[in-house]
Structures are given as structure tokens and as C-alpha cells.
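Reviewing the structure listed below.
The values are calculated or read from the model by the stated rules, or taken from the named source; none is laboratory data. Note that the structure is predicted; figures quoted are calculated from it, not measured. All Cβ positions, glycine included, derive from the backbone under ideal geometry; neighbour counts span all protein chains shown.
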Amino acid sequence: MRQLKLMATTLVLASLLSCGKKAGEQTRDSIIETKVEQLLSKMTLEEKIGQMNQISSSIKLEEMGPAIKRGEVGSILNEAEPQRINALQNIAVEESRLGIPLLIARDVIHGFKTIFPIPLGQGASFDPDVAYQGARVAAVEAASVGIRWTFAPMIDIARDPRWGRISEGCGEDSYLTSVMGAAMVRGFQGDSLHLASSIAACPKHFVGYGAVEGGRDYNSTYIPERLMRNVYLPPFKAAVEAGATTFMTSFNDNNGIPSSGNQLILKKILREEWGFKGFVVTDWGSAQEMITHGFAVNDKDAAEKAVNAGVDMEMVSHMFVEQLPQLVKEGAVSETTIDNAVRNILRVKFQLGLFENPYVDTTKPSVMYDEAHLLAAKRAAIESAILLKNKNNTLPLSNKIKTIAVVGPMADAPYEQLGTWVFDGEKSHTQTPLAALKKIAKERNMRVLYEPGLAYTRDKSTQQFRKVTNAAKRADAVIVFVGEESILSGEAHSLANLDLQGAQTALIEALKRTGKPLITVVMAGRPLTIEKEVNLSDAVLYSFHPGTMGGPALADLLTGVATPSGKTPITFPKMVGQIPMYYSHKNTGRPATRNETLLDQIPVAAGQTSLGCTSFYLDAGFDPLFPFGYGLSYTTFAYSNILLSATKLQKKDVLTVTFDLKNTGDYKGTEVAQLYIQDKVGSVTRPVKELKRFKRIHLLPGQTEKVTFELPISELAFCNIDMKEVVEAGQFGLWVATDSNSGKELSFEVVR
Ligand code: GLC
């Protein structure tokens, strides 16, 4: 019987969609609303609350079966086996009273089986299509086993690389993260959510988690509302505008309020201001953790605070299903609140087409590691790599080089190369730099001498160093692969020291002493404090854990088949003591002049204020090791004829910026041109620079392209002294440049 009903619905919806997408979508939406109301009207309170309960898949189906049958489970996470998923769905659809399908969820963060660069690496590509394709491939692979909801994209702005989860976002910048995060939402959700290869996105962690004090995970944050609106919220707003259908609350208490109990963000901002129609899920036990925070007395109090603040679904503590019936009976939680939460959940399940077809077709051939997926992952890894140094054009390896020494603990580390948050990607499919270089070496008649030197990145033993330096002495060039094992970044993996672990630096020093051209490749989950290693190396390529195809990507870059184009999505500090350090900082009343007297230049018994009073460090100056937006190429680019369409504009105008970009070198290459502005004077102090546009431009040697940026003046709006989102008249600076620290300043004025 149920199947017939389902068939009928499918025919109706399918025919509607045939009459043009827009009309079909609107009609579909109204049909879904009707179906939601019809179903809601049949549900008991317990069944409604059951939809608000997400459980984690346990090993035994029989443990989960009875609760699903009773209608007490709305969603299951961490189940990725298609037969088990179908069996769980079958219980829900065929054995529960109303047959409401389950929503199967998984952390598919940067790939399901085919692993893409970690999101911080994708951020370095400054290419939204890389983000889109990575999410699209992840969705196709995950959906093929029955997963229809991912807890991604993670779009927390983070400016503290001590925080291990900086690996999961797209870096420090609000605009870059907004563009990349929106592309990921579109990639996960596809052209329409009801398509079998679409999965619901879940922008997280809402909000401010990346600002944990001290970079220590789960720590408190203090982000005043104005800063929240100007820096941390925009990526989430962009995700809503991209159609995100679920949101996840964050662990942190911001200004004393845990996000899972924060009405301001969950109701006022997310629902009333942004019109979000999806549903909100907590993070793992984060509603119950409000007790540990000292924000709730017990489960009952925590459940009441969470659901009344705007949480719709609770992850794994079972608190909702245990506490809400009594809270409703006591009137502490209204049934209207429950109904609204369940509407939001059912709406997404209808949008996903789960009522029409809750099962995954296990007869279809596997799509895992499909050639097209691997190619997309390789492209992403190529575009994500950042050339930080290239003295005397050490790279790309010249054809004269006949023997290379490939060394270091990350040269052939198939598991570590995948990076954090990889549950389903298999290291057996990883193509490492060693394997890829051996393959290219055969084609180029080049010899590869391989000596790891260290067993893993934390290895402190120097016992193998002699073998390494002997190999290096027999080579024409040395490529050392260092960095972080994947477990050293990600959740709950904060570091107080960002130097290379173990004896990696000593290994680089030993290699330097051989006098051979030394190329250092870093694979890590965050920026590391590698000033010493950069100074010792002739060339440095930085690759935030590049994923399954990292090896072929890096081999192509090292041998010149491809040219590096990545840019730093996060500032690289010289030392941890400089953190937090980011380009979009305020000017302060005493900005650094960069002519300050530093530690070793201070005269003995210097007078108290003789050094000048500006904002810098005696032992580190002011500048980072590498600024935001920085990255070299094998070629060079020249910016010229930068022209503004006007120098006086009104708030309704669009500023058009044109410039010529020329490839002035000998290699084909791609430049990420960046446009920054500065609001010189505001009703509150404004950042010295803000990224407002970027574009990847590919040029052959000698080629020039006229490039245009369109910037609506309305995009200069910010949350001002009155907490209003406005564009304030006044003078603005503008830069079109290769990174946040370069370029000539132009000016324009916004007039009333
Ligand atoms: C974790 C993470 C969150 C993840 C969730 C489910 O603790 O904070 O990002 O999606 O639990 O695994």
C-alpha cells in the first residue's frame, strides 16, 4: 500500500517538475508544505519528538531497530554500509506507524572515498569551482551508499593556527570563506536536493567556534555582536543564500552563551533576519554539554533551553526524546515549538525525496574513485599547492637533473597525506609523491633515490640520517617531504608549538649541509612556523594535506608539468607568539612603522621610551612569515593600467575596476588577482584591508589580459556603531594586487 502511495506522489511531483524548473520548484515547495502539514497532523507528540532525535549507528542493528520502529529516531549518523542503511530504512518505512524515512548523515568533509585536499587547502586554491567539484564528487560517492546528509561545509573563520580545526575551514578571511563555502553547499546539494546524488549540506559550526581562546579546542569565545556580524556570520549568511538546508550549532560558549542555547543566533539572526527554512542540529552532545558549561542544571533544563532557543534536532545524547514529553506536558516547551522543529525536519526529508524513495540502489556499479573523481581531486591538489620560495628558479626540476633524492617522513605516507576528518577514504588508493615521482622519473629517464630518514613526522631518531645524506650526495637535487601526520590537526588537536615535529628540522639541516639544491615540500593541516626551514631551503612548496591524488599533483608541480598557483588562505606567523595574526586587522592608534628597533639592535641600557612606541614585537617585529593571499609561480606577473570607473560613487552604484595583467616570465601560469578595499574612517574603526574580489587568470608567457572586477558599493556595508548594516560615506582605499601585502593604493569616495 505504502509503495502505491509513494508511486502516486512521485508521478505528481515528476510531472510538475517537467513544467520548467522555477515553476516546478515553487509548486514542488508548496506541495511539500502541504505534505508536511498532512503528516504532522497525524503524528503523536512522541513521534514528533522522535524526529528530533539523532542517534549514532551502533554495531548491532537489533539495538537500533526497536527505537526506530517506535518512531523515536529521526536520523542516524556514522552508518555508511548500504545494506545496513537499507535495513534501517526498511524498519522505519515499513515497521513504524507512519513510515517516516530516516535521514542518514556522515561527516563527508573533503571527500567520501576520493579524498580532496582538506578545506584549508581548497581555500588556498581561491577557486570556487574546486570547492564545488570536491563537494559534488563527495556527494555522488556518499549518496551512492545511502548517505543523504553531510556535516559540511565547515566555515568557521579562524585566525589561530594553534587550533587544530583550522584545517577544516577555508582560512582567515570572511569573503574567501563565503565564496568557497557557498560553492561547497551548491556542490553537496546539486541542482536539486531531490536528485539521488544530492545530499543536504550543513554549514557549521554556528557560530564563532574558530575564535576559541588560545586556539584551544572547545574553549570559550568572546566575540561581540558587531564583530560577529562583520567577520564570523557572513560565510553562514552566504551559505543560507546558497540554499543550505541544515545548520549545526557549535560547542563554544560565546560571551557566556553556548551556541546550542543561543536565541540571538538561532532565532533572531538565522530565522528572522536570514529567513532560513531548514533545520538546526546540535553538535555531538553540545546541547547536553550546556550542563558542563554551567549554563543548564540538568538534562531537562538543557533540553528546554536548546529547543526554546531554536534547536530542531539533538545529536546523540537522547536528551530530547527523554525530556521533551514532560517539558511539553508542563508547558515549559510549547507543542508549537515542537511542531515547528518537526516541520523543518520533515521539509528537508521531503525535499530530499526520501518519502518517494528511501532506499539506495545497491545494484548500481560503484562510483568510488571514478577516473573523473580522481582527476578532479588531482586538479584540486595542484591548485591548492602554494609556492612559498623558489630561489634561483630551483623549481621546476630542470631536465638536466638525472638523479633526485626523495626523502622525509611524508614522501610515502598514504594515510597521513589524506589529512583530518577522513572516515571512508582508503589509504590503499592514495597516490604518494614517491610513487608519482618514480612514475615521472621513468618517463624522464631520471633516477629516484628514496630514504625516508624518519619513520613518521614525530620521529626523533636521527639514526637513518647518514643513509639520507649519502643518498643526497649522490643526487643532483633533494626533495624532502615533511609536515604533520594527519592526526596532528583536526578536532581536539590544538598545538601550543607550531614548529616541525620530531627531528624533521634536523633532517633539513643535515640535507642543507650536503650542499645540494634542497626543495622542501610541507604537507600539514595548518600553517607551521617554518622560517628556519624556509631559510635553509632553496624552494618551498606548501600543500595542506592534499588527499588521494596529492602525489601526482605534487610531482606535476615539481617537474613543471603544472605551475603552482595557490595563495595562502591564512597568515603564516613567524612564531606562535605573534598569534593571532591576520591581514584584516585594525590600524590601532600606533601602527607599526616596520622601522622599529628589534631585540638585537637595542643598545644596552637604552632609555625607557627610546625605541618608539608602536604596535610590534621586539623579538618578531610586526610582519608575518607569509601574509594572506601570498603565493609564487614559476612565472612572474605584472599589473598595470589599474583604472576605476569613477572616484566618487553613490551607495547604489557599482564600481568597475579594470587592469591589465601580463605574464612577464617564461612559464604558463595562473595568477590569483585580489582586490582589497579599506574604509578609511567609520563610525567604528575598520580593518586596514578587506578582500572583496579575487579571480584566477591563466596566461601564457608574454600574454596580457584585461581583467575586470565589478564591485557594488552596497558590498561595502558593515555593522556600524548603531548595529545597522550600512555603507557609510567617506574615503576608501583600493588595491588590486598579488597578495594582501602588495600593490599600489588607489582612492575613491562614497558620497551621500
Ligand atoms: C564532532 C564535530 C562535528 C561533527 C560531529 C559529528 O564532534 O564537532 O564537526 O560533524 O561531531 O561527527
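How do the pairs read when you match residues in segment 233-258 that are of a type in the set (Lys, Arg) with residues anywhere that are in a loop (DSSP other than H, G, I, E, B), using Cβ under 8 Å and keeping only pairs 6 or more apart or on different chains?
Within 8 Å, the pairs are Lys237/Trp274.
What are the pairs with Cβ atoms under 6 angstrom where one residue, in segment 189-213, is over 28 Å from Val140 (Cα atoms) and in a helix (DSSP H, G or I) and the other, located anywhere, is away from the ligand (no atom under 16 Å from the Cβ) and not polar (S, T, N, Q)? Sequence gap at least six, or different chains.
Ala211/Ile223
With the structure loaded, tell me whether Pro224 is away from the ligand (no atom under 15 Å from the Cβ) and of a type outside the set (A, V, I, L, M) or whether it fails that test. Steps first, answer last, please.
Values: away from the ligand (no atom under 15 Å from the Cβ): yes; of a type outside the set (A, V, I, L, M): yes.
In short, yes.
Looking only at segment 179-229, which residues are small (Gly, Ala, Ser) and surrounded by fewer than 24 Cβ atoms within 10 Å (Cβ to Cβ)? Spell out the reasoning first.
So in segment 179-229, the residues small (Gly, Ala, Ser) come out as 181-183, 187, 190, 192, 196-198, 200-201, 208, 210-211, 214-215, 220.
The answer is Gly190, Ser192, Ala196, Ser197, Ser198, Gly214, Ser220.
Over 25 Å from Trp284 (Cα atoms) and more than 16 Å from the ligand (Cβ to nearest atom): is that true of Asp160 in this structure?
Details: over 25 Å from Trp284 (Cα atoms): no; more than 16 Å from the ligand (Cβ to nearest atom): yes.
Answer is no for this residue.
Does Gly702 satisfy the condition of being over 30 Å from Asn393 (Cβ atoms) and either part of a loop (DSSP other than H, G, I, E, B) or of a type in the set (Asp, Glu) (or both)? Outline the logic, then answer.
Numbers: over 30 Å from Asn393 (Cβ atoms): no; either part of a loop (DSSP other than H, G, I, E, B) or of a type in the set (Asp, Glu) (or both): yes.
For Gly702, the condition - over 30 Å from Asn393 (Cβ atoms) and either part of a loop (DSSP other than H, G, I, E, B) or of a type in the set (Asp, Glu) (or both) - is not met.
Quick one: Gly550 ticks every box in (1) crowded, with 24+ Cβ neighbours inside 10 Å; (2) of a type outside the set (Asp, Glu); (3) over 27 Å from Ala138 (Cα atoms) bar one, so which box is it?
Of the numbered conditions (1) crowded, with 24+ Cβ neighbours inside 10 Å; (2) of a type outside the set (Asp, Glu); (3) over 27 Å from Ala138 (Cα atoms), the odd one out for Gly550 is (3).
With the condition kept exactly as written, say whether any residue in segment 504-517 is within 24 Å of Phe116 (Cα to Cα) and surrounded by fewer than 21 Cβ atoms within 10 Å (Cβ to Cβ).
The first filter runs over segment 504-517 and keeps only residues within 24 Å of Phe116 (Cα to Cα), leaving none.
Scanning segment 504-517 turns up no residue that is within 24 Å of Phe116 (Cα to Cα) and surrounded by fewer than 21 Cβ atoms within 10 Å (Cβ to Cβ).
For Thr568, state whether it is closer than 20 Å to Asp160 by Cβ, surrounded by fewer than 20 Cβ atoms within 10 Å (Cβ to Cβ) and at pLDDT 95 or above. Spell out the reasoning first.
Working: closer than 20 Å to Asp160 by Cβ: yes; surrounded by fewer than 20 Cβ atoms within 10 Å (Cβ to Cβ): no; at pLDDT 95 or above: yes.
Answer is no for this residue.
Listed here are the residues, each with its yes/no results for (1) in contact with a Lys or Arg (Cβ under 8 Å, 6 or more places away or on another chain); (2) under 30 Å from His429 (Cβ atoms); (3) more than 16 Å from the ligand (Cβ to nearest atom).
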{"position": "Val522", "(1), (2), (3)": "no, yes, yes"}
{"position": "Thr529", "(1), (2), (3)": "yes, no, yes"}
{"position": "Leu536", "(1), (2), (3)": "yes, no, yes"}
{"position": "His545", "(1), (2), (3)": "no, yes, yes"}
{"position": "Thr571", "(1), (2), (3)": "yes, no, yes"}
{"position": "Gly577", "(1), (2), (3)": "no, no, yes"}
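Based on what the data block shows, is Tyr359 over 27 Å from Ala131 (Cα atoms), among the aromatic types (Phe, Trp, Tyr), under 31 Å from the mean Cα position of the chain (by Cα) and surrounded by fewer than 22 Cβ atoms within 10 Å (Cβ to Cβ)? Please lay out each step first, then the result.
Working: over 27 Å from Ala131 (Cα atoms): yes; among the aromatic types (Phe, Trp, Tyr): yes; under 31 Å from the mean Cα position of the chain (by Cα): yes; surrounded by fewer than 22 Cβ atoms within 10 Å (Cβ to Cβ): yes.
Considered against the rule, which asks whether it is over 27 Å from Ala131 (Cα atoms), among the aromatic types (Phe, Trp, Tyr), under 31 Å from the mean Cα position of the chain (by Cα) and surrounded by fewer than 22 Cβ atoms within 10 Å (Cβ to Cβ), Tyr359 comes out as yes.
Inside segment 595-613, can you point out the residues that are surrounded by 10 or more Cβ atoms within 10 Å (Cβ to Cβ), in a helix (DSSP H, G or I) and within 40 Å of the chain's Cα centre (by Cα)?
Leu599
I'm trying to understand the selection: among the residues of segment 153-187, which are of a type outside the set (A, V, I, L, M), under 11 Å from the mean Cα position of the chain (by Cα) and not in a loop (DSSP other than H, G, I, E, B)?
Matches in segment 153-187: Arg165, Ser167, Glu168, Thr177, Ser178, Gly181.
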